[in-house]
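Inspection log for the structure reproduced underneath, given as structure tokens.
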Amino acid sequence: MTNLKIIFICGTIEPGRDGVGDYTRRLAGEVIRQGNEASIISINDSFSKTIEVTKQIDDDIAITIYRLPKTLSTNKRFQQLHTWIQQLDPNWISLQFVAYSFHEKGLPFLLGRNLTQLSKGRNWHIMFHELWVGLANDENIKYQIIGGLQKKIIANLITQLSPKLIHTQTEIYKREIEHIGHTSKLLSLPSNIPVTGKITDTPNTIAMVIFGSIYPNAPYQIFAKEVNRYLKETKQKGTLTLVGRNGHEKNNWVRAFKSNNIPVTVLGEQSVSSISNVLSNSTLGIITTPAYLLEKSGSAAALRLHHLPIVNVAKAWIPKRYFKYDFQNDVLIYNPGNFSAIRDLNVSKGEINSIHKVAENFISSLNVNR
């Protein structure tokens, strides 16, 4: 089969400053590594001051990057985008969609209209990293209004581009896309932390780890007390390590665990290899992302790639269009009193979160649908 020639379109592509940009770079690098052609165009770049063509590196792969600064007028940006697409002549254009990537208030009303000029003779793919705000039951009226507008923008975008393939990362997003009349497929989120760590055996110890952002309103105090009680009952030791950018909630968790006589280590930002080493020497991952959004958590992807079972300790977040989600058997949705169920958790099958496997599935989906 003929190799693919893909142009990825995202908002910003500054390394380490935009999650979707970093995702796109890693996916493009692996697409090239697997024998295809790929470039990236950032069309609303917050970190570029001029129109530029440059290179960015993903491991051993140099990726050609085309950058359009957000300070440029919309007309000039899309004129230049059209020129580049004509020159590059891809057979697929992959839009990496987050509403706030393309408009500071998350309302890119003209995005679909401006992109349709690129469609002639080319296949569109859309990856919805996010949909609209206001999906939960308890969202305030402001988010409900914005979310309603964003839903219309997304419905119009799909109609205008007529993508041959739509991907998203979570079951809840997949169901919402179906509700507005379109079909999508799930594509797992790749871990940003490859497995390079060496394992040191620590018998009779539950080595817990929190990697990345800690979200507010999780029942951390009740959870810490229950962990302490479980350790005493099972005559095991316990430790908690926090690594990465944890945010303001970090101190609450540290105090709660220390007050329950569980040693805590705070490492902060570390190199990729150091983070892998921490994860490799942990036995249980803790995630504070709401359960229905676990699949779009980079932290969860990293924990799974390192074969860690996960305890989800998060605030209640119930979608308006409720459905009973069958969580994988490597995840325990924590409710007060059920921590002992960690005994029944399976080790994560993390290969689906490797960048190699994600790109392989992505390429296969494009080939099937072209």
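In table form, for the structure just shown:
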{"quantity": "Mean separation of Cα contacts under 8 Å, 6 or more apart, over the residue count of segment 205-353: relative contact order %", "calculated": "27"}
{"quantity": "The chain: calculated mean residue ellipticity at 222 nm from DSSP helix runs of at least 4, using -39500 (n - 2.57)", "calculated": "-10500 deg cm²/dmol"}
{"quantity": "The chain: relative contact order in percent, alpha carbon pairs under 8 Å with at least 6 residues between", "calculated": "14"}
{"quantity": "Charge tally in the Cβ shell below 14 Å around residue 329, where Lys, Arg are +1 and Asp, Glu are -1, residue 329 excluded", "calculated": "0"}
{"quantity": "P(r), alpha carbons of segment 9-49 - 5 Å bins starting at zero, rounded %", "calculated": "6, 27, 29, 21, 12, 4, 1"}
{"quantity": "Burial order of peptide ranges 45-57, 88-100 (average beta-carbon count within 10 Å, highest first)", "calculated": "88-100, 45-57"}
{"quantity": "Qualifying trypsin sites (Lys or Arg not before Pro) in segment 232-271, DSSP loop, other Cβ atoms within 10 Å at most 14", "calculated": "235, 245"}
{"quantity": "Residue pairs, from the table 174/258; 120/320; 76/174; 235/258, whose Cα atoms sit over 30 Å apart", "calculated": "174/258; 120/320; 76/174"}
{"quantity": "Spin-label proximity, residue 120 to segment 50-87 - amide N less than 20 Å from point 7 Å beyond Cα toward beta carbon", "calculated": "75-87"}
{"quantity": "32 Å Cα-Cα threshold exceeded, pairs from 232/315; 70/198; 49/164; 152/324", "calculated": "70/198; 49/164"}
{"quantity": "q = 0.15, 0.16, 0.18, 0.22 Å⁻¹: log10 I(q)/I(0) that the Debye formula gives for segment 278-370, counting C-alpha atoms only", "calculated": "-0.65, -0.72, -0.87, -1.12"}
{"quantity": "Extension reserve of the residue 113-residue 149 stretch, reckoned as 0.36 nm per residue once the Cα distance is removed", "calculated": "11.4 nm"}
{"quantity": "Cut-off 16 Å, label 7 Å out along Cα→Cβ of residue 195, residues of segment 285-326 by amide N", "calculated": "285, 300-310"}
{"quantity": "Simple spin-label estimate for residue 335 and residue 105 in nanometres, 7 Å along Cα-Cβ", "calculated": "4.2"}
{"quantity": "Efficiency of FRET from Cβ geometry, residue 75 and residue 33, R₀ 45 Å, rounded to 0.05", "calculated": "0.80"}
{"quantity": "Local net charge near residue 51, Cβ-Cβ under 13 Å (Lys/Arg +1, Asp/Glu -1)", "calculated": "+3"}
{"quantity": "With Cα atoms, 0 to 90° folded angle of helix 74-88 axis to the chain main axis", "calculated": "80"}
{"quantity": "Helix 355-369 axis, angle to the chain major axis (alpha carbon atoms, nearest 10°)", "calculated": "40"}
{"quantity": "Cleavage-rule hits, trypsin sites (Lys or Arg not before Pro), segment 267-358, DSSP coil, Cβ neighbours within 10 Å at most 11", "calculated": "321, 324"}
{"quantity": "GluC sites (Glu not before Pro) within segment 274-370, DSSP loop, no more than 15 other Cβ atoms inside 10 Å", "calculated": "none"}
{"quantity": "Hypothetical label at residue 137: residues of segment 309-326 whose amide nitrogen lies under 18 Å (7 Å Cα-Cβ projection)", "calculated": "314-326"}
{"quantity": "Between segment 193-238 and segment 45-108, the Cα center-to-center distance that results, in Å", "calculated": "41"}
{"quantity": "Global form of segment 205-353, assessed from the alpha-carbon gyration tensor, a/c cut-off 1.5", "calculated": "rounded"}
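Read-outs throughout are calculated quantities, based only on the coordinates presented, and are distinct from any laboratory measurement. All figures in this text were calculated on a predicted structure; none of them were measured in a lab. No Cβ is skipped: glycine too gets one built from the backbone with ideal geometry, and neighbour counts run over all protein chains shown.
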